[in-house]
Every structure is written in C-alpha cells, then in structure tokens.
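The values are calculated or read from the model by the stated rules, or taken from the named source; none is laboratory data. Bear in mind the structure is a predicted one, so any value in this text is a computation, not a measurement. So basically every Cβ, Gly included, is an ideal-geometry build from the backbone, and we count neighbours across all protein chains shown.
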Amino acid sequence: MPVKQRTEEELRLDDQRHRIRHSAAHIMAEAVLSLFPGAKFAIGPATEDGFYYDFAVERPFTPDDLGAIEDAMRETIAADAPFESAELSRGESQELFAEQPFKLEIIEGIPADEAISTYTHQGFVDLCRGPHVSSTGEVAAFKLVSIAGAYWRGDERNQMLQRIYGTAWESQEALEEHLRRLEEAEKRDHRRLGRELDLFSTSDQVGPGLIIWHPKGARIRSIMERLWLDEHLKRGYELVYSPHIGKATLWETSGHLEFFRESMYDPMDVDGQEYYAKPMNCPFHIQVYTSTTRSYRDLPIRLTEMGTVYRYERGGVLHGLMRVRGFTQDDAHIFCRPDQVEDEIVGVVEFAFDLLRTFGFEEFDVYLATKPEKAVGADADWEHATESLRKALDRVGVDYEVDEGGGAFYGPKLDIKIRDAIGRSWQCTTIQFDFNLPERFDMKYDGADGAEHRPYMVHRALFGSLERFFGVLIEHYGGAFPTWLAPVQAEVIPIADRHIPYAEEVRDQLVAAGLRVHVDGRNERMNAKIRDAQLQKVPYMLVVGDREAEAGGAAVRLRSGEDLGTLPVADVLARIQAEVASKA
C-alpha cells in the first residue's frame, strides 16, 4: 500500500527546526523586553517556517528596531544560556506575571487540573509547554523579517498588538535558501500583482474580504469555470444552482446554527421569519435529492455547483484572495450506495489530479484523515468509508500520509495539497464523507431488497474556492499566465497612428479565431508600449508598421524578450492556437 512514511531523518529535522524556532521566539521576547521596558508580551509560537511574538508597546516598532533586537538576540545566543523548565502553582504563576496582563489571561484559561509550566533562560521566564533546544547557543541561524499589527487572540474587538515575524534554521545555508524563497514569494504576492495587472480589488465601501473581479480577472475566472463545467459534464455530474439565503429552520436541521454559528452572519428578517446568508451549499443539494423518491437504480447522483457562500472571518486574518468573507466553492455532492463508494472516490481523485495538472501543478501531498475521538455515525460506516478511501488511493497509485484522528466528526476525508513553482504547499481538493447530514435530513433510497436505505454522502471540492485557487495561480505563475489562460493573449502595437487601422484588422482576424487580443492605440512611443505589454505579462506582442502592413504580417516579440521576427498573421495565429490547444 503506497502510504508515505516519513524517514527518521525527516522527523528529526522537523523536530529540530520546531525547537529552534520556539526557542528563537523566547530569545526575541527577552530582547524586546530588555530594549523596551514596560512592554507587555502575549504569545509567540513556532510556525511552519519561522516564529513570531506579539507585544503591546508604547509606540509601533520600526525596521530600525529589528536590527537592535537582532543584536540583543545574538548576545543571548553567544551566552549559550540553558533553557530550564519548571511547574508552578496557579498562585505562583499569577504572582510571577502580575505585570503581564496577557499572560494572566492565558493563566485564567488553563484548566484547574492542568499544570502551569514555564521555561527560563538567562533570567527570562515565559509560560510555555516546550519543547526547546537545550541552550540558546543552538539557535544557529535566524533573521527577523517583518512587523505587522495583530489583534489579541485574532479578534478585532481586542487590543491591537505589534507582531514581529522571524525565521530560524539549523544552518546559515538553510536560512539563506529560505530568505531567497521569501524574496521570490514577495515578487509573486498576488495582492501586489492583482493591482498591477488589474485583476481584482477590494473596497472599503463594499467591505473587507469581499472580492471585486475586474475584467481581466473575470476573463480568467470564466475560462476556469468553462473548463470546470465541461469536465464535470463529461464525468456524469449534473449542474444545479441554489439561493444565497435560506430560512433559519434549514440551518437548524443541518446543524449549522448549532455547530457553525460563529462563522455565520446575523439573520435578516423576511416576512417575519429569520433567513441566513448561506455558509455552505450542501443543504440545498440535499433538497434536490429529497425532492422525489429515489431508487437504488438512480444512484450514484452527482450534483455540482459554483456556489457562492458567506462566512464571517475576523478582520485580522483576512488576506487578499486567500482568506475572504465571500467566496465561490466549486462544490459537488455525491449520493451513492455503499457498494459504489470506492469507484466514486477513484473517479474524484483521478478527476482532481487531471484538473490540477491542467493548471500547471505536478507535485502533490495527499492526506487520509481518519476518525477522531468524538464522531457521529456507526463504526461500521466509518470503517467502510475509510477503507474505501484507502483502496481508492491504492488503485490510483497515490502516495499518501495518514492523519490519524484528523477527520471531521461527521466522516473521514482526503485532502490534496499542491506545491507551487517555489515549493510552497497549498490546500485545494477535499473529499469528505458525511454521516451526519443524511441522518439529519432523513435521506433515503429504495433498495433492491424493497427496504429503505440511507445513502452515503460525499462532499467534494477540487479547486477549494475560486478566489483562493486564483490567488495561488497568480503566485504560481508570478502573474505570467500561460497563453491559454492569459486574459490578453496578444497585444497589437501600431508604430504610428497611421498604422492603427491595420492593427485593428490584425486584432479582428485573431479575435474572429477566438483569441483575446487588444490594440494599444495610445499616443506613446513603440518601445514604451512594448515595455508596458511586458509589464502586463502579455504572452505575445505584435508590432505593426508599414512593412508589416504591406506583407500582411507582424513583428512578433514574446514577453520573455525573445524576438521571433516578422511572421505572417496566419502563422502567428496558428502558433498561438497550438499553445492554447495544448494548454502548455
């Protein structure tokens, strides 16, 4: 069975990095408190590739402060002071942190029967469960990288704190490689590229976390949606549409008001009844299923929708396209018999890989999440569903890791993460069993034995959400979308105003063949127009003047700077069409 096994060396390195980063956060907090007397410190965890710490200080930190903090940290590292753990009583810990309100609040939240542990180095004490390196000298290579505002506990109703981000590694070489990746990631930031390429925006008048798609971004979205729909119809899915709001009773039946209320917006009054903006599409798809009597012969039923949902996210965690309050899921729900489950999962996994590869992703990490301690549904159903996921992955030949106990309370799941051009991992596809909603909505089908049976229900999203996937695409390609996906595939650049009519003829010929083409008729120099087209990352630039008009061609340049010389318009068209057809 192709289950990924982490090597002992990989596990050891992960643990070492976590300890180094956790320890670096403590060393940074000590440095800040020594340089900024009276500062209050909150929390400072290790992260996937670094660490941070939040502080309340009299004035915001500046970039110059980071250098001073780094110098103080180096002194502590050079001292090679040991990290020492201890356990305190509640009274002792409250006395120790009497001047630190955030620590006191954390202490109040620790259960009465749980030990309160601390770690100390060089006289600096922090609430902490560990683990740490044995001494400060083991923090081999670090750098403080940025400053940001952060609400205490991520809640905008709480105090705004100053967050310092840092990164720490086991060697200077590993640190330098990471900093190179950070520099490349900054160049690819989808928020900056979204502005520069005029793809999308947000507006304070509309509200944070709500995306406005501009024409160029909308073109790419429409290409994604058309491809998505064509591929679904080929695979036997039926397209549905559902409302954006639903009555409170719907969300009571589904359990969302009980378990998901904090992520839902306040209700609106419609004819004296409460309605909610939908946080999910699944209850509506269930309505399609239950609208008529179902037979075992009808199954499987595959319903899909580009469904826009609305979820409350705290203002402090909103992030461009990646974390929003309104987003469109490429949602689908499969209703099937137990004997059909494995084949259905195989179909979804193969579909996911086909679709993601079409968009240029070739590296994947797959995780099988199993039953958690608290769960609904019969053990036999959990075992059957989990085994179906395993067998499906084996049939497809996919390596995967098992996330023991990582499933939702209502069913096991598969998660597929993609790796982008600079090696970052992004969550996309989720395939999720659900034993909860079929019970809540009393879903049934008439079996071959004449008795009523409960169908299996599978939630499934391939992109995850259009907004987030689009953000990943922008960063993966650095805004230089492949020709088939580019919002403008060719820019026709007339050398002088008298060449505009011929430029428009060239444009019309290419547009008639289905390409997306624009004429730059501005009163600018030719070189400026070429430079602007390159900055807009247009794949092809077709420069036309007297010679090109006479020959019925165009001087072709690529956004890479390569000059293809003068080609007949028909040859340019054939070249672009070939790229589009191959989705290269």
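At a glance:
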{"read-out": "Filter result (among the small types (G, A, S) and over 24 Å from the mean Cα position of the chain (by Cα)) within region 169-187", "value": "S171, A174"}
{"read-out": "Residue satisfying all of: in region 66-94; of a type in the set (D, E, K, R) and at pLDDT below 95; surrounded by the fewest Cβ atoms within 10 Å (Cβ to Cβ) among these", "value": "E87"}
{"read-out": "Any hit, region 169-179, residues being touching a Phe, Trp or Tyr at 6+ places or on another chain (Cβ under 7 Å), under 15 Å from A29 (Cβ atoms), in the same structural domain as F51 (by TED's automatic domain parsing) and surrounded by 14 or more Cβ atoms within 10 Å (Cβ to Cβ)", "value": "no"}
{"read-out": "Scope region 385-407; condition surrounded by fewer than 18 Cβ atoms within 10 Å (Cβ to Cβ) and closer than 18 Å to V458 by Cα; matching residues", "value": "E387, K391, G406"}
{"read-out": "Test: residue in region 376-394 that is over 30 Å from E184 (Cβ atoms) and polar (S, T, N, Q)", "value": "yes"}
{"read-out": "Selected residue [over 27 Å from the mean Cα position of the chain (by Cα), among the acidic types (D, E) and in a loop (DSSP other than H, G, I, E, B)] from E58, E70, E87, E48", "value": "E58"}
{"read-out": "Inter-residue pairs, beta-carbon under 6 Å, first of a type in the set (D, E, K, R) and in region 161-177, second outside any strand (DSSP E or B), 6+ apart", "value": "E170/Q16; E170/A140"}
{"read-out": "Condition met for I212 (under 18 Å from R468 (Cα atoms) and of a type outside the set (G, A, S))", "value": "yes"}
{"read-out": "Those residues of region 113-129 which are more than 14 Å from A25 (Cβ to Cβ) and in a loop (DSSP other than H, G, I, E, B), in sequence order", "value": "D113, E114, A115, Q122, G123"}
{"read-out": "Leading residue by the ranking (surrounded by the most Cβ atoms within 10 Å (Cβ to Cβ)) among those in region 408-425 that are in contact with a helix residue (DSSP H, G or I) (Cβ under 8 Å, 6 or more places away or on another chain), under 29 Å from S254 (Cα atoms) and of a type in the set (A, V, I, L, M, F, W, C)", "value": "L414"}
{"read-out": "Count of region 288-311 residues which are touching a helix residue (DSSP H, G or I) at 6+ places or on another chain (Cβ under 7 Å) and more than 11 Å from Q329 (Cβ to Cβ)", "value": "4"}
{"read-out": "Residue in region 187-201 that is closer than 20 Å to T308 by Cα and free of Cβ contacts under 8 Å to residues at least 40 places away in the same chain present", "value": "yes"}
{"read-out": "Answer residue from region 216-264, given it is surrounded by 14 or more Cβ atoms within 10 Å (Cβ to Cβ) and of a type in the set (F, W, Y) and is farthest from D354 (Cα to Cα) among those", "value": "W251"}
{"read-out": "Qualifying residue in region 312-319 (condition: more than 26 Å from the chain's Cα centre (by Cα) and part of a helix (DSSP H, G or I))", "value": "no"}
{"read-out": "Leading residue by the ranking (surrounded by the fewest Cβ atoms within 10 Å (Cβ to Cβ)) among those in region 119-168 that are of a type in the set (K, R) and under 28 Å from the mean Cα position of the chain (by Cα)", "value": "R157"}
{"read-out": "Every pair of residues 6+ apart whose Cβ atoms lie under 9 Å, when the first sits in region 1-25 and is over 20 Å from F124 (Cα atoms) while the second is at pLDDT below 95 and among the basic types (K, R)", "value": "M1/R390; V3/R390; D14/R6"}
{"read-out": "Residue in region 511-524 that is surrounded by fewer than 17 Cβ atoms within 10 Å (Cβ to Cβ), under 21 Å from E196 (Cβ atoms) and free of Cβ contacts under 8 Å to residues at least 40 places away in the same chain present", "value": "yes"}
{"read-out": "Residue tally, condition charged (D, E, K, R) and more than 30 Å from the chain's Cα centre (by Cα), over region 15-45", "value": "2"}
{"read-out": "Check on G166, among the small types (G, A, S), over 25 Å from E48 (Cα atoms) and touching a Phe, Trp or Tyr at 6+ places or on another chain (Cβ under 7 Å)", "value": "no"}
{"read-out": "Condition broken by Y275, with the remaining ones in (1) more than 27 Å from the chain's Cα centre (by Cα); (2) crowded, with 20+ Cβ neighbours inside 10 Å; (3) in a strand (DSSP E or B); (4) aromatic (F, W, Y) satisfied", "value": "(2)"}
{"read-out": "Members of region 323-361 that are surrounded by fewer than 17 Cβ atoms within 10 Å (Cβ to Cβ), closer than 24 Å to A486 by Cβ and either touching a Lys or Arg at 6+ places or on another chain (Cβ under 6 Å) or touching a residue at least 24 places away in the same chain (Cβ under 8 Å) (or both)", "value": "D354, T358"}
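Each row is one residue, and each column tells you yes or no for (1) among the hydroxyl-bearing types (S, T, Y); (2) farther than 28 Å from G478 by Cβ.
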{"site": "G149", "(1), (2)": "no, no"}
{"site": "W169", "(1), (2)": "no, no"}
{"site": "E173", "(1), (2)": "no, no"}
{"site": "R191", "(1), (2)": "no, no"}
{"site": "G194", "(1), (2)": "no, no"}
{"site": "T202", "(1), (2)": "yes, no"}
{"site": "H214", "(1), (2)": "no, no"}
{"site": "R226", "(1), (2)": "no, no"}
{"site": "E238", "(1), (2)": "no, yes"}
